[in-house]
Amino acid sequence: MTPADLARSAASDAAPPTGLAAPLASLWWDRKGDWARAHETVAPDEASPEAAWVHAYLHRREGDLGNARYWYRRAGRTAASGAFEDEWDAIAGTLLAG
């Protein structure tokens, strides 16, 4: 699966593809336009750097930059500042390749 495949699925399907880890399922819900569902999907995983990166992205998207910076630090990542779609693509690509 590619980031484009994941995005197409969010545009056409009612639920994420089966077998997605929580960070990828969270990105799927975000692309679907359901921030709350995206957040509730990734929030229980407080330990993995992958989940922390998605969590950071979601809070940046929400506009809560202080909380986003906290999660970027937890993920071991520099806080993003570019377009949300570019960051979504980068996260999805990294996680799908992983």
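Read-outs: derived from the displayed coordinates by stated rules, not from any lab. From a predicted model like this one, the values you see are computed outputs, not experimental measurements. Glycine gets a Cβ as well: all are built from the backbone with ideal geometry, and neighbour counts include every protein chain shown.
So how tilted is helix 65-75 from the main axis of the chain? Cα-based, degrees 0 to 90, rounded to 10. Long axis of 65-75 versus the principal axis of the chain: about 80 degrees.
Secondary-structure-derived ellipticity at 222 nm for the chain, considering helices only, amounts to -21000 deg cm²/dmol, per-run term -39500 (n - 2.57) for DSSP H runs with n ≥ 4.
Normalised by the number of residues in the chain, the average gap of Cα pairs under 8 Å and 6 or more apart makes the relative contact order 25 percent. Toward the positive end of the charge dipole of the chain, with +1 on the Cβ of Lys and Arg and -1 on the Cβ of Asp and Glu, the farthest Cα among Ala4, Gly93, His55 is that of His55. Translational diffusion of segment 21-97 was estimated from the Stokes-Einstein equation, with Rh taken as the Kirkwood radius over Cα pairs; at 10 °C and 1.306 mPa s the coefficient is 134 µm²/s.
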